[in-house]
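Take a look at the structure below.
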Amino acid sequence: MSSDDIPSTPADGVQTSPSAPADTTPGAAEGGAPEPGPGRVRGADTQDSPFVNEPTERDEAPQFVLPLVVRLERADPPARTDAMETAARAVLALLSDERSVGDGEWAEAVRDWQDARIRKVVRRARGAEWRRTGTMPGITLTGKAAEVRVFPPIPVDGWPKDLAKLQVSGTELDDPEPPSAPDPGVPVLWMSPDVTMSAGKAMAQAGHAAQLAWWELSPAERDAWREAGFPLAVRTAAPAHWRTLVTSGLPVVQDAGFTEIAPGSCTVIADHPALREG
């Protein structure tokens with residue numbers, strides 16, 4: 001299972017971008033986004049946006065990473081789609097947690113993380129390792145069978161020892177049966193049919209897509225999503241559907257090419273119903 005997007009580490013790298021214009025080639029820089037205000041224009045880039053491809057002040061800021069840990073016991077591991085969906089919901093849970101905003105105890109770390117390039121790493125744990133992660137400040141999300149714990153952002157070179165020693169690679173996840181069609185009206189994170197990713201990388205990329213959708217929503221839309229428990233689905237788009245999505249103006253995640261896939265590859269598109277309105 002691979003991690004996601006620490007450019008200074010040879011094994012990692014991802015970028016996130018708002019809507020990819022239909023008449024341009026996706027760039028190769030990674031990034032995140034600041035908290036948008038109520039008047040933020042959806043899909044708009046500005047000179048200081050974390051989505052622009054040229055180097056910005058974000059590259060000079062201290063770099064942070066959002067750690068996620070998935071529980072993988074030897075017997076009965078979770079399905080791949082369940083793990084991706086749970087990881088995406090875990091990211092949303094952290095972003096919306098009262099400790100992450102205002103004067104909350106995690107707020108400064110979250111702001112520092114968002115002021116730099118947005119990075120996430122997925123690691124795996126079982127048994128005593130998993131139980132130890134539960135003693136650390138964080139949030140645990142449970143899916144159908146998957147369990148994912150997300151922690152407040154940390155400096156890229158400041159991993160707590162109980163997290164640093166967890167494995168990043170070596171385990172894959174599969175879906176025993178093809179996922180069913182997503183329920184009508186549920187936000188869908190559409191995975192590219194053209195890109196092959198390890199389970200860990202796919203989980204992190206799904207988290208990026210969920211975060212992009214969160215940033216694009218108004219405060220009222222965010223509240224409604226949170227109060228509903230962050231329903232979402234992760235599915236692989238059919239090739240024709242994917243081509244339509246790429247030119248739709250919806251938020252799209254692009255990879256920086258540090259691991260597994262070519263730089264600039266579009267990997268996930270966040271299709272939240274509210275982003276199609278108006």
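The values are calculated or read from the model by the stated rules, or taken from the named source; none is laboratory data. Just so you know, these numbers come straight off a predicted model, no measurement behind them. So basically every Cβ, Gly included, is an ideal-geometry build from the backbone, and we count neighbours across all protein chains shown. With ligands, DNA and RNA removed, areas are computed over all heavy atoms of the protein, side chains included. Shrake-Rupley method; radii C 1.70, N 1.55, O 1.52, S 1.80 Å.
Considering only segment 135-161, state which residues are at pLDDT below 95 and in contact with a Lys or Arg (Cβ under 8 Å, 6 or more places away or on another chain).
Result: 156, single match.
For segment 215-228, indicate whether the set of residues that are under 19 Å from residue 83 (Cβ atoms) and in contact with a strand residue (DSSP E or B) (Cβ under 9 Å, 6 or more places away or on another chain) is non-empty.
no
Being under 26 Å from residue 266 (Cβ atoms) and of a type in the set (Phe, Trp, Tyr): is that true of residue 130 here?
Answer is no for this residue.
Restricting attention to segment 221-238, and to residues there that are open to solvent by 70 Å² or more (accessible area, probe 1.4 Å) and assigned to a helix (DSSP H, G or I), which single residue is nearest to residue 190 (Cα to Cα)?
Here the residue is 226.
In segment 118-144, what residues are within 15 Å of residue 203 (Cβ to Cβ), open to solvent by 60 Å² or more (accessible area, probe 1.4 Å) and touching a Leu at 6+ places or on another chain (Cβ under 8 Å)?
None - no residue of segment 118-144 is within 15 Å of residue 203 (Cβ to Cβ), open to solvent by 60 Å² or more (accessible area, probe 1.4 Å) and touching a Leu at 6+ places or on another chain (Cβ under 8 Å), so the list stays empty.
Quick check on my filter: what residues within segment 123-145 are part of a loop (DSSP other than H, G, I, E, B), within 18 Å of residue 74 (Cα to Cα) and over 20 Å from the mean Cα position of the chain (by Cα)?
126
Give me the pairs: first residue in segment 75-89 and more than 22 Å from residue 237 (Cα to Cα) and in contact (Cβ under 8 Å) with a residue 12 or more places away in the chain, second residue in a helix (DSSP H, G or I) and open to solvent by less than 30 Å² (accessible area, probe 1.4 Å), beta-carbon distance under 8 Å, and six or more apart or on different chains, which are they?
none
Output yes when any residue across segment 198-208 is at pLDDT below 95, of a type in the set (Ser, Thr, Tyr) and open to solvent by 40 Å² or more (accessible area, probe 1.4 Å), and no when none is.
no
Out of (1) surrounded by 14 or more Cβ atoms within 10 Å (Cβ to Cβ); (2) under 24 Å from residue 250 (Cα atoms); (3) at pLDDT below 95, what's the single condition that is false for residue 81?
(3)
If you go through segment 148-188, how many residues are of a type outside the set (S, T, N, Q), open to solvent by less than 50 Å² (accessible area, probe 1.4 Å) and closer than 30 Å to residue 245 by Cβ?
Summing the residues that are of a type outside the set (S, T, N, Q), open to solvent by less than 50 Å² (accessible area, probe 1.4 Å) and closer than 30 Å to residue 245 by Cβ in segment 148-188 gives 9.
Just one of (1) part of a loop (DSSP other than H, G, I, E, B); (2) β-branched (Val, Ile, Thr); (3) within 19 Å of residue 121 (Cα to Cα) trips up residue 148, so point out which.
(1)
So, in segment 60-91, exactly how many residues are assigned to a helix (DSSP H, G or I) and under 23 Å from residue 180 (Cα atoms)?
Residues that pass the stated criteria total 11.
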